[in-house]
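A short write-up of the structure that comes next.
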């Protein structure tokens, strides 16, 4: 926000480096960024936020293609999926930001910048909540599927500090979405959540995952997806309130059913078993 | 600095009568030299600081920074960044610890396999003979050492074939004469891989096991600036794509001189300056635009590969490095450019 004024400077540098001979200009712009250590916008090792890496449009394109190929070859490379999302999601992120700013709770999130990490969650308090409450169900989801909220990759290639936070929030909310939608972390559950996210956010990475994910499902699961889970996910995705605009950290005590009603999400028609088989 | 100039005056090749002096200078243990240098610096700073300094060999206060050159105040380059010297080694260690597993894959991807040709050329120029002892510093994953062992084994086989072929119809006397000769084999060639980074050595050992190399190879953890070997131990000293990561290149060169036998050869393969301007701009564009992306996609580590391409730019060019090698005391220093200067092979002899 306070560095938005200097953003044009960074964009100018990047445009320069892509228009002229890329390498030498990149060198000089890198020198400029390093030399101008007093610049408030480049206070994190030449980036706008911790972990930020400056990239030219050419590099972003190369990253998008490379990470797409790598993610397809090895779907367990979550960092590649993350990079694909960051390099292709610029317009969708801007759209999300506008939606969040127009929503009062979303606006609060953008100003307060909450983070979902094990260190910020009060696990004992959440475990003591009644069954059916959002916090208790979330904890149950983490335990059953043996995941942790700290395993999300950090954002590296988004060139705006606020958009980078939105990307990070999207990643951290992903597990909460699993709880909200009642989907386990096996392949079918993940694809269903991806369909929901694609309809909600419009991120190209979600759309790609939604299209290519079903290829790894076996026939029966594919049928479940196409007949019941898929249409349910798409419908709810498009009509639900923006899931990033919800301040989950203040709603642990709220009942899950009530939260779903508030968000305009129907309960799932069928809950796939939480087995880890990919079914491929 | 004056002591260095004196050394250089001593060490010119034409003065063969100073050979004994050269040998004496070369034989000083590295630790002793470092100690002497440290004490000399301390005494200079405490003398210059005058009355403000406490008694004894204390360091000058920070106000007289221009005279003091304690290691904590000196800074050096880490890629395009400036860091204190003490920090550079740690950060380089971290870089190679991160990339060790994917190091060989990345080399193939970044150079499109051409790095294999460069290393083959190094061996071709080296032309080691059976019985040679090699020290491969910053040898990491063992590329040079494996090639060395293959090369000498091939040479050995050629020699035995030639020897066998020269005697077409041996008599019984000839055959019985050969038996003790075969047992009394010439000293087996040995390669020692020395690297400061344990992760890289681990990967190298795994590769050696996979290739089935059982003898003639050892793995040693060591710092190129302070090698854990005695004087006059090795016939050949190689450092391939490692010397630009060393904080004090001149110290590494002096150590190389120390551990080599008289007549031993120093060989350094390193990225260098491309002279052709068109090739240079293409190379720069490729280095800065493509290589970090490859690092991110294949190894999941952008910053390490950004450091690698930046460190290439900070390394001295062919002529300057040749001068540094001559300063250290090597003779007949020459360099060969590969791929238009992308890589240069520097070679010098200890006489």
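Could you check how many residues of segment A:50-90 are touching a residue at least 60 places away in the same chain (Cβ under 8 Å) and either facing chain B (nearest Cβ under 9 Å) or within 20 Å of residue A:170 (Cβ to Cβ) (or both)? Lay out the reasoning, then the answer.
Applying the first criterion (touching a residue at least 60 places away in the same chain (Cβ under 8 Å)) to segment A:50-90 yields A:50-55, A:60, A:63, A:68, A:72, A:75, A:78-79, A:81-90.
Of the ones still in play, those that are also either facing chain B (nearest Cβ under 9 Å) or within 20 Å of residue A:170 (Cβ to Cβ) (or both) are A:50-53, A:55, A:60, A:63, A:68, A:75, A:78-79, A:81-90.
Matching residues across segment A:50-90 total 21.
Of all residues in segment A:242-261, count the ones that are within 21 Å of residue A:192 (Cβ to Cβ) and surrounded by fewer than 13 Cβ atoms within 10 Å (Cβ to Cβ).
First, pick out the residues of segment A:242-261 that are within 21 Å of residue A:192 (Cβ to Cβ): A:242-244, A:246, A:248, A:256-257, A:259-261.
Cutting the leftovers down to surrounded by fewer than 13 Cβ atoms within 10 Å (Cβ to Cβ) gives us A:257, A:261.
Residues flagged as within 21 Å of residue A:192 (Cβ to Cβ) and surrounded by fewer than 13 Cβ atoms within 10 Å (Cβ to Cβ) within segment A:242-261 amount to 2.
Give the residue that is surrounded by the most Cβ atoms within 10 Å (Cβ to Cβ), with candidates limited to residues of segment B:290-305 that are farther than 17 Å from residue A:47 by Cβ and at the interface with chain A (Cβ under 7 Å from one of its Cβ atoms).
Applying the filter and picking the extreme gives B:297.
For segment A:192-274, which helices (runs of 4 or more DSSP H) that fit wholly inside it have 2 or more residues that are over 20 Å from the mean Cα position of the chain (by Cα)? It would help to see each step written out before you state the result.
On the way: elements: A:204-212, A:219-224, A:230-239, A:256-263.
Correct list: A:219-224, A:230-239, A:256-263.
Any idea which of B:281, B:287 is buried (at least 21 other Cβ atoms within 10 Å of the Cβ) and within 14 Å of another protein chain (Cβ to nearest Cβ)? Steps first, please.
Numbers: B:281 fails: buried (at least 21 other Cβ atoms within 10 Å of the Cβ).
When all the criteria are applied, what remains is B:287.
Considering only residues that are part of a loop (DSSP other than H, G, I, E, B) and under 22 Å from residue A:148 (Cβ atoms), which ones fall in segment A:94-130? Reasoning before the result, please.
First, pick out the residues of segment A:94-130 that are part of a loop (DSSP other than H, G, I, E, B): A:103, A:113-122, A:128-130.
Listed by number, the residues that qualify are A:113, A:114, A:115, A:116, A:117, A:118, A:119, A:120, A:121, A:122, A:128, A:129.
What is the residue count in segment A:114-150 for residues that are surrounded by fewer than 11 Cβ atoms within 10 Å (Cβ to Cβ), modelled with pLDDT of 85 or more and within 20 Å of residue A:243 (Cβ to Cβ)?
Count: 0.
Return the residues of segment B:206-252 that are part of a loop (DSSP other than H, G, I, E, B) and under 16 Å from residue B:149 (Cβ atoms); say none if nothing qualifies. Don't jump to the end; show me each part of the working.
Taking segment B:206-252 first, the residues part of a loop (DSSP other than H, G, I, E, B) are B:212-216, B:222, B:224-225, B:227-233, B:241-242, B:246-248.
B:212, B:213, B:214, B:215, B:216, listed by residue number.
So, residue B:309, is that one farther than 27 Å from residue B:193 by Cα and modelled with pLDDT under 95 or not?
Details: farther than 27 Å from residue B:193 by Cα: no; modelled with pLDDT under 95: yes.
Here the answer is no, as residue B:309 does not meet what is asked.
Looking at (1) under 30 Å from residue B:334 (Cβ atoms); (2) part of a helix (DSSP H, G or I); (3) modelled with pLDDT under 95, which is the one condition that is false for residue B:102?
The one condition residue B:102 does not meet is (1).
Can you go through B:173, B:168, B:206, B:159 and tell me which one is surrounded by fewer than 16 Cβ atoms within 10 Å (Cβ to Cβ), closer than 30 Å to residue B:244 by Cβ and more than 14 Å from the chain's Cα centre (by Cα)? If you could, list the steps in order and put the result at the bottom.
Working: B:173 fails: closer than 30 Å to residue B:244 by Cβ; B:168 fails: closer than 30 Å to residue B:244 by Cβ; B:159 fails: closer than 30 Å to residue B:244 by Cβ.
Within the list B:173, B:168, B:206, B:159, the selection yields B:206.
Given (1) touching a helix residue (DSSP H, G or I) at 6+ places or on another chain (Cβ under 7 Å); (2) closer than 21 Å to residue A:52 by Cα; (3) in contact (Cβ under 8 Å) with a residue 40 or more places away in the chain; (4) in a helix (DSSP H, G or I), where does residue A:135 come up short, assuming only one miss?
The number of the failed condition is (2).
Please name all residue pairs, on different chains or six or more residues apart, with Cβ atoms under 9 Å, provided the first residue is in segment B:316-329 and is outside any helix (DSSP H, G or I) and the second residue is surrounded by fewer than 15 Cβ atoms within 10 Å (Cβ to Cβ) and at pLDDT 95 or above.
From residues that are outside any helix (DSSP H, G or I), the pairs are B:316/B:323.
The values are calculated or read from the model by the stated rules, or taken from the named source; none is laboratory data. Just so it is clear, the model here is predicted, and its values are computed rather than measured. Cβ coordinates were reconstructed from backbone atoms using ideal geometry, including for glycine residues, and neighbour counts include every protein chain displayed.
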